[in-house]
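**Q** Dropping a structure here in structure tokens format, bear with me for questions.
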Amino acid sequence: MKPIFIGISGGSGAGKSTLCTSLLNTYPDQIGLIQLDDYFKKPNFVPEYNGFKNWDHPDALRLDQLHQDLLDFQQGKYVKIWTKNERLNPDYKKTDKRIEVEFEPKPIMLIEGYLILHDSRIRDLFETSIWLDIDQEESWKRRVHFKKDGYLEKVMLPMNEQFIKPSKQYAEYLIDVTSMTKDKVFEQVQGILKLEKPE
């Protein structure tokens, strides 16, 4: 089975993970989920910028590995990924350790992350892509990771301008989620993907 890849991108705090988890839980037989968060490099290999580890730079990610994993999924192969996903790795918050999980190719594979549209090799594999748009102030409020004092001004904002915002142009669909409820976002994406509502 050759899966269809759907890119779900957007700025930090836009609700990408929440949306994808809801889709996965609603359509477990049809949908699989791969998250860019599982492709961060170890801290020692993350570049520095203005005195901080720069987690918002493409070089903080193992994009080569993500690309290879997607090619393997295309061939119907199962792929082993070291994940921190709380559904698959419920002890992650306590242990801070990823566990290796074998991912099965599903008919629709959601590829979720803030920089998945940056790399042309990866975005060229997508059947379609959706960008969840959110204003900068709300984005920072919702951000969970790497939220140290000074990080917003010294790292996140310049990286957002240099890498993240420019990748929005490659998305086929743009959804401004700033004032939308989670349910409304879910319904709109459900319609885009032409998923039949479960009974």
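**Q** For region 139-157, give me the residue count where each residue is in contact with a strand residue (DSSP E or B) (Cβ under 8 Å, 6 or more places away or on another chain) and either modelled with pLDDT of 85 or more or open to solvent by less than 60 Å² (accessible area, probe 1.4 Å) (or both).
**A** Summing the residues that are in contact with a strand residue (DSSP E or B) (Cβ under 8 Å, 6 or more places away or on another chain) and either modelled with pLDDT of 85 or more or open to solvent by less than 60 Å² (accessible area, probe 1.4 Å) (or both) in region 139-157 gives 4.
**Q** Still on this model: Of the numbered conditions (1) open to solvent by 70 Å² or more (accessible area, probe 1.4 Å); (2) more than 22 Å from L132 (Cβ to Cβ); (3) of a type in the set (S, T, N, Q), N25 fails exactly one; give the number of that condition.
**A** Looking at each condition in turn, N25 falls short on (2).
**Q** Just checking, does region 9-22 include any residue being at negative phi, part of a strand (DSSP E or B) and open to solvent by less than 40 Å² (accessible area, probe 1.4 Å)?
**A** Checked against the condition, which is being at negative phi, part of a strand (DSSP E or B) and open to solvent by less than 40 Å² (accessible area, probe 1.4 Å), region 9-22 yields at least one hit.
The values are calculated or read from the model by the stated rules, or taken from the named source; none is laboratory data. Keep in mind that what you see is a predicted model, and the values were worked out from it rather than measured. With ideal geometry, Cβ positions are generated from the backbone for all residues, glycine too; neighbour counts draw on all protein chains shown. Areas reflect the complete protein model, heavy atoms only, side chains present, ligands, DNA and RNA absent. Shrake-Rupley method; radii C 1.70, N 1.55, O 1.52, S 1.80 Å.
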